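Since the structure comes first, as C-alpha cells, the remarks are kept for the end.
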Amino acid sequence: MTTAAETSSDRSVLPITERYRLLGWLRRNLFSDAFNSILTLVALVFLFFVARNLLRWAFATAEWGVIPANFNLIMRGQYPATEAWRLWLVIYLLGAVVGVTWRLISGQFSGVARLLLTIPFFLMLIPFFSMGTRLNLFITAVASAAGYYIEGYLPIQRRGRAAVYFILAYLVIMLLLLRGVGAEDGPMPPVSPILWGGLLLSLLLAFFGITLSFPLGVALALGRQSQLPAIRVMSVIYIEFIRGVPLISLLFMGQVMLQLFLPDGFPLVDRVLRALVAITLFSAAYTAENVRGGLQSIPRGQYEAAQALGLSAYQSTINIILPQALRAVIPVLVGQFISLFKDTTLVALVGIFDLLGIARTILANPDWLGTHQEVYAIIAVLFWIFSYSMSYASRRLERRLGVGVR
Amino acid sequence: MSENETEGEIIICQDVCKWFGDFQALKDCSLRVKAQEVVVIIGPSGSGKSTFIRCINRLEEHQTGEIVVDGIPLTRDVRNIEQIRSETGMVFQQFNLFPHLTVLENITLAPIQVRKMKKEEAQDTAMSLLNRVGIPEQADKHPGQLSGGQQQRVAIARSLAMSPKIMLFDEPTSALDPEMIKEVLDVMQELAESGMTMLVVTHEMGFAREVADRIVFMDAGEIVEVGTPEHFFTNAQHDRTKLFLSQIL
C-alpha cells in the first residue's frame, strides 16, 4: 500500500494535500493539529480586519493631496527652487558613480545591478511627477548606463583605484554643488546649509555621520587597547562619557551651549554642521565599542603569528587584526548605522529641518491640518526604504566576504 | 658578533629566568646552539619547554639572564626584537594561519611587508616553498579549507618564506590527527637535512631519536640533562630523565 503510494504514477491515489505542494505546505505549517488550525483561523480573521481597515484608510479616507503639494519641501526642504538644477546634477552624478563602480562592487553583472539601474524608471511611474521630473530621472538612468558602459572599458586591475577616485571626486563636486561657489549673483550662489532640508538633509547627515564616525570609532577602539596609558585612558574617558549621555543632549550642547565656552566673537560654524559633529562624535563612541568586540574575538595566536613573522604592530593591525575584527562586526555595525540614520531625526528638535522637521512644518501649516497620518506614513515609508536597503546591502557584503566562514 | 660566529653558536642563552607572577617558569636555563644544529626539547607538560623557546623570539619576555640570537642581544629595544623575529621562524601547535587570507597570501604577506619584496617575486618564492612542502595545488584556498596537516605545512612554508636562519617549532604535531603527523614530520626532517638550525619542542620520540643532534630534557623549569640521542635513550644520567622516559617509551 505504502510502496504504491510512493510511486509517482499513483499520484491520484494520494490524499489531496499530498498531491499539491501548496496544500501540503498549508497542512504541515498552518493546520497540523486542531490548536494550530484555530490559531491560524483567528490570525486570518485579525489580518483580514487590519488589512481591510488599512486599505480603506489608504484608498478612501486618506487625503494624499498633502504629499504632492509639499513634495519639493519633503525632498529638499527650503533649498531654493531656482537652484534645484544643482540637486538634479548631484543625482545624475550619483547615478553615474553607481554605474561606473557597480561591476566592482557587485563582482559581476547580477540581478541586483539590473534592479538598481532601473530604479529611475520605476520612480518615473509615480503619478503626480511632472514631465520635468520624469525627464530628470531619465537622464539619471542614462548617466548610470553610461557610467556602467565606461567601466567596461577600464582595465580590471585599475577599476578599484578608479572607483576610489570617482567616489572622492563625486563627494567634492557634490558638496561644491550643494553649497555653491562664487558671488551671490553668480551662476552658483551659495546656499546656506540651514536651507537644506527634508530627505536631502537626512541622507547627508546619515552619510557623513557614518563615514566620519567609522574611522574615528576604529581609532578609539584601537586606542582603548593601546599599550600607552595616556592614549588608553583618554579613549576610555571619551567613550564612556559619550555613551553616558543621550544624543539629544549633545545636539543641544552643540546648538546652544557651545557659544558659552568659546571666546566672544569666535566664528561659529553653521548649525547643521554643528549637528553633524554631534552625531559623528556620538556614533564614534558606539562604533568604538562594537569594533572592540571584534578585536577581542581575535585569538592571541594571530597576534603571536604576526609578531613571530617580524611584522610591526602597525603592520599586523592593518593586515591581520583589523580585517578580521571588522569582518566579524559587520552585522553589528550596520545595525548601528541604521539606528544612526533614524536618530538623525532628533535634529528636528533643535530647529533643523530634516525629514521629520519638514513633516512638522507641513503639519503646522493651516492648509494641511489633520493630515498627520498621511505625512508620517510617507516619512516612515521613506525611512524604511533606506534602512532596508542598508540591511540588504550588508547581508550581501557579509556573504561576499564570507563572514562566519573560516 | 664576530666572536660568536667564529664559535659557530647562533643561539646563546645564559641563566635565563622567567616568572609568571609568583610562579617561576624558567630557572637559570643555559643553552648554546650551533648553526645547523637540530635540538629537540622534551619534558613533561608544564616543564617550561614552550616558554623557553618562546623567549627566544620574545613572544615571552625573560626577566633575568641573557639571550643572544645570531649575535643580536635580545633586549627591550624594538629594533633588535624585530630583527631577531625576522630571522627566526616559528611554527605553532595551533598553526595560527591567517584565516582571512589565502594560502598564498599567508606566505607572501611578511616578505612583502617586512622584507619589501616585490609581489611577483614573493609569489614565486611562495610557490616553490609550497612545492617543497608538497601542496602547491592548495595555493588559492583559505586555511579553513585545508586539513590540519596541510595547514601546518603551510605554516612551515610561511615561516620559511622569510628565509630565517633559525626555525622554532612549538609542539608542531600535538594538535594533529595521528595520520597527519607523519607528513609534517617528513617536512621537518627534510628541513633538518637541508642544514636549518632547528629548536623543536615535541613529544615525538621517534623524530627526536632519528633527527636530533642533541636532546634537551626539561623539568620544572630547569634544563636537567643535555645529550646526544644515543646517550639519552640508552644512558640517561638523572633520575627525573629516567622516570620521564620510562613513562613515555
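The values are calculated or read from the model by the stated rules, or taken from the named source; none is laboratory data. Predicted model only: the values in this text are computed from it and were never measured. For neighbour counting, all protein chains shown are included, and Cβ atoms are generated from backbone atoms with ideal geometry for every residue, glycine included. All accessible areas refer to the heavy atoms of the entire protein, side chains included, with ligands and DNA or RNA removed. Shrake-Rupley method; radii C 1.70, N 1.55, O 1.52, S 1.80 Å.
Just need a number here: residues in region A:219-240 that are in contact with a Leu (Cβ under 7 Å, 6 or more places away or on another chain) and part of a helix (DSSP H, G or I).
Our first condition is that a residue be in contact with a Leu (Cβ under 7 Å, 6 or more places away or on another chain); within region A:219-240, this holds for A:221, A:225, A:235, A:238-239.
Of the ones still in play, those that are also part of a helix (DSSP H, G or I) are A:221, A:235, A:238-239.
The qualifying residues number 4.
Taking A:V334 as the residue in question, decide whether it is open to solvent by less than 40 Å² (accessible area, probe 1.4 Å), closer than 30 Å to B:S86 by Cβ, out of contact with any Cys (no Cβ under 9 Å at 6 or more places or on another chain) and in contact (Cβ under 8 Å) with a residue 60 or more places away in the chain. Full working, then the answer.
Details: open to solvent by less than 40 Å² (accessible area, probe 1.4 Å): yes; closer than 30 Å to B:S86 by Cβ: no; out of contact with any Cys (no Cβ under 9 Å at 6 or more places or on another chain): yes; in contact (Cβ under 8 Å) with a residue 60 or more places away in the chain: yes.
Answer is no for this residue.
Take B:E105 and decide whether it is open to solvent by 40 Å² or more (accessible area, probe 1.4 Å) and within 15 Å of A:A308 (Cβ to Cβ).
no
So for region B:36-57 (the condition being of a type outside the set (A, V, I, L, M, F, W, C), within 14 Å of another protein chain (Cβ to nearest Cβ), more than 20 Å from the chain's Cα centre (by Cα) and open to solvent by 10 Å² or more (accessible area, probe 1.4 Å)), does at least one residue qualify? First the steps, then the outcome.
Step one: of region B:36-57, the residues of a type outside the set (A, V, I, L, M, F, W, C) are B:36-37, B:43-51, B:54, B:57.
Applying the additional criterion that residues be within 14 Å of another protein chain (Cβ to nearest Cβ) yields B:50-51, B:54, B:57.
Now narrow it down to the ones that are more than 20 Å from the chain's Cα centre (by Cα): none.
The answer is no; no qualifying residue exists.
Among the residues of region A:309-331 satisfying the criterion of being open to solvent by 10 Å² or more (accessible area, probe 1.4 Å) and in contact with a Ser or Thr (Cβ under 7 Å, 6 or more places away or on another chain), which is nearest to the other protein chains (Cβ to nearest Cβ)?
Only one residue tops the list, namely A:A328.
Please tell me if B:V114 is open to solvent by less than 20 Å² (accessible area, probe 1.4 Å), aliphatic (A, V, I, L, M) and closer than 30 Å to B:I67 by Cβ. Steps first, please.
Values: open to solvent by less than 20 Å² (accessible area, probe 1.4 Å): no; aliphatic (A, V, I, L, M): yes; closer than 30 Å to B:I67 by Cβ: yes.
No: the conditions fail for B:V114.
Using the structure shown, decide if A:V269 is open to solvent by less than 60 Å² (accessible area, probe 1.4 Å) and either within 30 Å of B:M167 (Cβ to Cβ) or of a type in the set (A, V, I, L, M, F, W, C) (or both).
On the way: open to solvent by less than 60 Å² (accessible area, probe 1.4 Å): no; either within 30 Å of B:M167 (Cβ to Cβ) or of a type in the set (A, V, I, L, M, F, W, C) (or both): yes.
So A:V269 does not fit the description; no.
Grab the helices (runs of 4 or more DSSP H) fully contained in region B:60-144, keeping just those with 2 or more residues being within 12 Å of chain A (Cβ to nearest Cβ) and not polar (S, T, N, Q).
On the way: elements: B:78-87, B:103-113, B:119-132.
Fully inside region B:60-144 and qualifying: B:78-87, B:103-113.
Would you confirm whether or not region A:282-289 contains a residue that is in a helix (DSSP H, G or I) and within 14 Å of chain B (Cβ to nearest Cβ)? Talk me through it step by step, then tell me what you get.
Filtering region A:282-289 down to residues in a helix (DSSP H, G or I) leaves A:282-289.
Cutting the leftovers down to within 14 Å of chain B (Cβ to nearest Cβ) gives us none.
Checking region A:282-289: not a single residue is in a helix (DSSP H, G or I) and within 14 Å of chain B (Cβ to nearest Cβ).
Here are the criteria: (1) open to solvent by less than 30 Å² (accessible area, probe 1.4 Å); (2) small (G, A, S); (3) under 20 Å from the mean Cα position of the chain (by Cα). Tell me which single one B:A139 does not satisfy.
Of the numbered conditions (1) open to solvent by less than 30 Å² (accessible area, probe 1.4 Å); (2) small (G, A, S); (3) under 20 Å from the mean Cα position of the chain (by Cα), the odd one out for B:A139 is (3).
Please work out if A:D343 is open to solvent by less than 30 Å² (accessible area, probe 1.4 Å), among the acidic types (D, E) and within 29 Å of A:R243 (Cα to Cα). Reasoning before the result, please.
Numbers: open to solvent by less than 30 Å² (accessible area, probe 1.4 Å): no; among the acidic types (D, E): yes; within 29 Å of A:R243 (Cα to Cα): yes.
Against the criterion (open to solvent by less than 30 Å² (accessible area, probe 1.4 Å), among the acidic types (D, E) and within 29 Å of A:R243 (Cα to Cα)), A:D343 does not qualify.
Just to confirm my filter: which helices (runs of 4 or more DSSP H) fall fully inside region A:35-147 and include at least 2 residues that are outside the structural domain of A:L401 (by TED's automatic domain parsing) and open to solvent by less than 30 Å² (accessible area, probe 1.4 Å)?
Working: elements: A:66-69, A:71-76, A:84-106, A:111-124.
Counting at least 2 such residues, we get A:66-69, A:84-106, A:111-124.
So A:V233 ticks every box in (1) open to solvent by 20 Å² or more (accessible area, probe 1.4 Å); (2) within 22 Å of the chain's Cα centre (by Cα) but one. Which box is left unticked?
So the condition that A:V233 fails would be (2).
Those residues that are in a helix (DSSP H, G or I) and exposed (fewer than 12 other Cβ atoms within 10 Å of the Cβ), I need them from region A:11-31; list them, please. Reasoning before the result, please.
Filtering region A:11-31 down to residues in a helix (DSSP H, G or I) leaves A:11-13, A:16-19, A:21-29.
Selection gives A:R11, A:S12, A:I16, A:R21, A:L22, A:W25, A:R28, A:N29.
Against the definition (in a loop (DSSP other than H, G, I, E, B) and away from chain B (no Cβ under 14 Å)), how does A:V277 come out, yes or no?
Numbers: in a loop (DSSP other than H, G, I, E, B): no; away from chain B (no Cβ under 14 Å): yes.
Taking the combined requirement at face value, the residue does not satisfy it.
Do the conditions hold for A:A306, that is, is it surrounded by 13 or more Cβ atoms within 10 Å (Cβ to Cβ), within 19 Å of the chain's Cα centre (by Cα), among the hydrophobic types (A, V, I, L, M, F, W, C) and at pLDDT 90 or above? Full working, then the answer.
Values: surrounded by 13 or more Cβ atoms within 10 Å (Cβ to Cβ): yes; within 19 Å of the chain's Cα centre (by Cα): no; among the hydrophobic types (A, V, I, L, M, F, W, C): yes; at pLDDT 90 or above: yes.
No; evaluated as a whole, the condition is false for this residue.
Filter region B:162-194 down to the residues that are in a loop (DSSP other than H, G, I, E, B) and open to solvent by less than 20 Å² (accessible area, probe 1.4 Å), then identify the one that is farthest from B:Q113 (Cα to Cα). Show your work before the answer.
Step one: list which residues in region B:162-194 are in a loop (DSSP other than H, G, I, E, B), which gives B:162-165, B:171-177, B:194.
Now restrict to residues that are open to solvent by less than 20 Å² (accessible area, probe 1.4 Å): B:162, B:164, B:172-173, B:176.
Working: B:M162: 11, B:P164: 15, B:P172: 25, B:T173: 29, B:L176: 30 Å.
Of everything passing the filter in region B:162-194, B:L176 is farthest from B:Q113 (Cα to Cα).
Considering region A:209-248 alone, what residues qualify as being of a type in the set (S, T, Y) and more than 19 Å from A:Q336 (Cβ to Cβ)? It would help to see each step written out before you state the result.
As a first pass, look at region A:209-248 and keep what is of a type in the set (S, T, Y): A:211, A:213, A:226, A:235, A:238.
Within region A:209-248, just A:S226 meets the criteria.
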